[in-house]
Amino acid sequence: ARGSRRGKMTEAPSTTPKVESSEENSSEEETFKILVTHPEVPQEALDLMSRGCKLIMCESLPPNRTEILQKAKGVHGMFWGSHIPLDKEVLDVAGPQLKSISTMSAGIDYVDVEELKKRKIPLGHTPIVLSDAVADLAMGLMLSAARRFHEGRTKIDSSTWENYHIEWMWGQDVRDSTVGFFGFGSIGQAIAKRLKGFDIERVLYTTRRPIDKKLEKQFNAQKVEFHELLGQSDFLFIAAPLTPETEGIFNSTAFPKMKKTAVLINIARGPIVNQDDLYTALKTNQIFSAGIDVMNPEPLPANDKLLTLPNIVITPHIGSATKRTRTDMATIAAHNVLRGLVGEPMLSPAY
Ligand SMILES: O=CC(=O)O
């Protein structure tokens, strides 16, 4: 079911989760306990999990590591609804009966995956289902950075609407452009699909995973080296996971290789970009503009220097923030946890 985008996400595991127990009628101990690390998990997901299991709900907002650690002891499953590090300490506190975890996110950079693998604990996450929502936002960031929405608003606010200048507020055309993707997975492809209506010239990409030749053809996409992606893209989307290899790769070495007219869009993870270097690149017009939904740190302090720049559009990490998408993510995560508890393959396993 990996890759399923709609419909299939409501498949329940074939058996009702039950703890194997030698004693009859020891109902308390026989019920699987699932830690839910966030108090606002959509009800649909809670209803699914509470059918056969006991939910241990965390109540703090923002989610609080101390509370999570206090409540983790003895649970069999974890619905990890917060981006708090899921590491060895959490697993040690929980204990050896822990057998199933799912995040409610596509990115799992805050999870110690090696530690989970070592303990043979299956991990689920929720990619694919959010790709359309994230791609919608990416298109918004692209257009608003290319056509200077943020700066335009400040011109109105400050009564400096000077459209008597012929060259006033000129932006970048999307038509006939070369669009580059740093990472061309489900989100990158959803963006490329949307771009089909914009008469772009071609698509370039770099990726860890090989891309199906059919997909390359469908998007008229060509795999290139990173330096070519930088040098040739008019619009460059960052749509890759944060890993040791991608961390800080957009830096003071990369930006000067980009076109002065280039627009950079980041809907992946903030630390893939060296933010001080991005500031300099925008301030000194090494690149034209940027649109970012992710940054470092999050939340971004209100006095961050990035916010002083006219040529950046910033949204507060809302790529998947629609009712339907978040509800679907929660539902899939719940199924992941339930399936892991009964030893069935998760809907969207992380490994
Ligand atoms: O950033 C959001 C996610 O990884 O789902």
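Could you please give the count of residues in region 118-142 that are buried (at least 18 other Cβ atoms within 10 Å of the Cβ), of a type outside the set (Ser, Thr, Tyr), touching a helix residue (DSSP H, G or I) at 6+ places or on another chain (Cβ under 9 Å) and under 17 Å from PHE237 (Cβ atoms)?
9
Pairs only if they're at least six apart or on different chains, beta carbon under 7 angstrom, first in region 290-308 and in contact (Cβ under 8 Å) with a residue 60 or more places away in the chain, second aliphatic (A, V, I, L, M) and in a loop (DSSP other than H, G, I, E, B); list them, first residue then second.
Short answer, once both residue conditions are applied: ASP293/ILE267; ASP293/ILE318.
For the list (1) buried (at least 16 other Cβ atoms within 10 Å of the Cβ); (2) within 16 Å of the ligand (Cβ to nearest atom); (3) at pLDDT 95 or above, I need the number of the one condition that HIS83 fails.
Of (1) buried (at least 16 other Cβ atoms within 10 Å of the Cβ); (2) within 16 Å of the ligand (Cβ to nearest atom); (3) at pLDDT 95 or above, only one is false for HIS83: (3).
Tell me which strands (runs of 3 or more DSSP E) are completely within region 229-306 and hold 1 or more residues being aromatic (Phe, Trp, Tyr), under 24 Å from ILE128 (Cβ atoms) and within 16 Å of the ligand (Cβ to nearest atom), or say none if there are none.
Filter on region 229-306 gives 235-238.
With the requirement that a residue be within 16 Å of the ligand (Cβ to nearest atom), buried (at least 22 other Cβ atoms within 10 Å of the Cβ) and either without any contact (Cβ under 8 Å) to a residue 60 or more places away in the chain or not hydrophobic (A, V, I, L, M, F, W, C) (or both), what does region 332-351 give you?
Listed by number, the residues that qualify are ASN336, SER348.
Looking at (1) crowded, with 20+ Cβ neighbours inside 10 Å; (2) closer than 24 Å to GLY171 by Cβ; (3) of a type in the set (A, V, I, L, M), which is the only condition ILE272 fails?
Only one criterion is unmet by ILE272, namely (2).
Return the only residue of LYS217, LYS196, LYS155 being buried (at least 16 other Cβ atoms within 10 Å of the Cβ), outside any strand (DSSP E or B) and without any contact (Cβ under 8 Å) to a residue 24 or more places away in the chain.
Just one listed residue meets the conditions, LYS155.
Only one of (1) farther than 23 Å from SER348 by Cβ; (2) β-branched (Val, Ile, Thr); (3) part of a loop (DSSP other than H, G, I, E, B) is not met by VAL41, so which one is it?
So the condition that VAL41 fails would be (1).
With the requirement that a residue be within 19 Å of VAL134 (Cα to Cα) and in contact with a Phe, Trp or Tyr (Cβ under 9 Å, 6 or more places away or on another chain), what does region 186-205 give you?
Hits for region 186-205 are ILE187, GLY188, GLN189, ILE191, ALA192, LYS193, LEU195, LYS196, VAL203, TYR205.
Specify which of the listed residues (LYS88, LYS99, LYS120) is free of Cβ contacts under 8 Å to residues at least 24 places away in the same chain and away from the ligand (no atom under 12 Å from the Cβ).
It is LYS120.
I'd like to check something: does region 158-170 contain any residue that is over 15 Å from the mean Cα position of the chain (by Cα), over 30 Å from TYR351 (Cα atoms) and either within 14 Å of the ligand (Cβ to nearest atom) or in contact (Cβ under 8 Å) with a residue 12 or more places away in the chain (or both)? Step through it out loud before you land on a result.
Pass one, region 158-170, residues over 15 Å from the mean Cα position of the chain (by Cα): 158-170.
Those left that are additionally over 30 Å from TYR351 (Cα atoms): 158-170.
The next check asks that each one be either within 14 Å of the ligand (Cβ to nearest atom) or in contact (Cβ under 8 Å) with a residue 12 or more places away in the chain (or both); those that pass are 169.
Yes, the conditions are met somewhere in region 158-170.
Looking at LEU55, LEU61, which one is at pLDDT 95 or above and not in a loop (DSSP other than H, G, I, E, B)?
Criteria check complete, one pass: LEU55.
For residues in region 103-117 being within 12 Å of the ligand (Cβ to nearest atom) and not aromatic (Phe, Trp, Tyr), which is surrounded by the most Cβ atoms within 10 Å (Cβ to Cβ)?
In the first step, residues of region 103-117 are kept if they are within 12 Å of the ligand (Cβ to nearest atom); the result is 103-111.
From the residues that got through so far, the ones that are not aromatic (Phe, Trp, Tyr) too are 103-109, 111.
Values: THR103: 25, MET104: 28, SER105: 20, ALA106: 23, GLY107: 16, ILE108: 22, ASP109: 17, VAL111: 21.
For region 103-117, the residue satisfying everything is MET104.
So that you can scan it fast, the table gives a plain yes or no per residue for (1) closer than 22 Å to ARG153 by Cβ; (2) over 16 Å from the mean Cα position of the chain (by Cα); (3) modelled with pLDDT of 95 or more; (4) β-branched (Val, Ile, Thr):
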| position | (1), (2), (3), (4) |
| --- | --- |
| THR284 | no, yes, yes, yes |
| ILE287 | yes, yes, yes, yes |
| ALA302 | yes, yes, yes, no |
| LEU309 | yes, yes, yes, no |
| VAL313 | yes, yes, yes, yes |
| ILE332 | no, no, yes, yes |
| PRO345 | no, yes, yes, no |
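The values are calculated or read from the model by the stated rules, or taken from the named source; none is laboratory data. Not measured: the values here are computed from a predicted model. Reconstructed Cβ throughout: ideal geometry from the backbone, glycine too, with neighbour counts over all protein chains shown.
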